[in-house]
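Undergrad: Pasting a structure here, questions to come.
Values in this text are rule-based calculations from the coordinates and carry no lab data. All values reported here derive from a predicted model rather than from experimental measurement. Neighbour counts are summed over all protein chains in view; Cβ atoms, including those assigned to glycine, are modelled from backbone coordinates with ideal geometry.
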Amino acid sequence: MLSKHMAVITVLYFYRTGVALIVMIDVIQRKVGKMQNFTYLLWDSSTNEGAVVDPSFDASAVLSEALKDNIRIRYVLLTHHHFDHVQDAERLSSITSSRIVAHSSSPVRKDMPVEDGSRLELGNSFIEVIHTPGHTADSCCYLAGGRLFTGDTLFVGECGRVDLEDSDPESMFTSLLVRLRSLPDGTVVYPGHDYGKTPFSTIGEEKRSNYTMKERTKEEFLSFITS
Ligand SMILES: [Fe+2]
């Protein structure tokens, strides 16, 4: 599945002169392997500086797109440590001389450990880290130019499992219903797997139609998610 969108235009800075700098983030989505994983290439089209989110089993598809469009990959962004998301990360990092980014608590090799609120420069833009534990303790979402890469925290129409060894349903309540639910409705959601009726969505659409994102108290959510 390939989805290449027109850029979202984000006005990031106003100089003292009042002149606005317009920054555009482009995204390519590719499906990889036999577990319906998605991998992504995102880049600032004003500088062609890019990043790959979750190389999964094979980054070749996004790497060839980057080479074709002369995009320099600066970061390999890992949403969490599960093998189906990270397997090709070190090879990609080596080929592109890019740095592997993961939460500080993650057991994976990380060249740039990040925390909630960390910001990574990408050309004239930024990638913001939102720590979203729940599926795993090291789960992070990455937000750039109104585009949110959610890994296994949020899928289209579903959320990630919270019955694994380092899952925490209570943390998932905060991640899903407090942190992600408070993002602007127009934020585009790019999930870690192709599990939904569409390959990507928006926060607004997920608030309307995803039964796991329905507004609930913490007690209601814990009862629902663990039943
Ligand atoms: Fe996972």
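Undergrad: Calculate log10 I(q)/I(0) of the chain for q = 0.11, 0.12 Å⁻¹, where I(q) comes from the Debye formula with a single equal point scatterer on each Cα and nothing for solvent.
TA: -0.50, -0.60
Undergrad: Using the per-residue mean of other Cβ atoms lying within 10 Å as a proxy for protection, in what order, highest first, do the peptides 38-47, 150-159 fall?
TA: 150-159, 38-47
Undergrad: So what are the three principal axis dimensions of segment 54-136 from its Cα atoms, in whole Å, longest to shortest?
TA: 36, 31, 18
Undergrad: For a protection proxy built on the mean count of beta-carbon atoms within 10 angstrom, sort 217-225, 182-190 highest first, please.
TA: Peptide ranking by packing, descending: 182-190, 217-225.
Undergrad: Which trypsin sites (Lys or Arg not before Pro) in segment 27-65 pass both tests, a DSSP loop state and at most 15 other beta-carbon atoms within 10 Å?
TA: Lys34
Undergrad: Next up: Stick to the Cα atoms of segment 24-90, pair each with every other, and give me the Kirkwood hydrodynamic radius in Å at one decimal.
TA: Values: mean 1/r = 0.0854 Å⁻¹.
Kirkwood radius, segment 24-90: 11.7 Å.
Undergrad: Please give the FRET efficiency for Arg161 paired with Arg91, using the beta carbon to beta carbon distance and R0 = 25 Å, rounded to the nearest 0.05.
TA: 0.40
Undergrad: Going toward the positive end of the dipole of the chain, with +1 on Lys and Arg Cβ and -1 on Asp and Glu Cβ, which of Leu120, Ala102, Ser167 do you reach last?
TA: Farthest towards the positive pole: Leu120.
Undergrad: Something else now. Give me the number: length gained by fully extending Asn48 to Glu128, i.e. 0.36 nm times residue separation minus the C-alpha to C-alpha distance, one decimal in nm.
TA: Residue separation times 0.36 nm, minus the Cα-Cα distance, leaves 27.0 nm.
Undergrad: Here is a further query. Cα to Cα, under 19 Å, and not fewer than 8 places away if on the same chain: which lysines meet these conditions relative to Lys207?
TA: In chain and number order, the partners are Lys197, Lys218.
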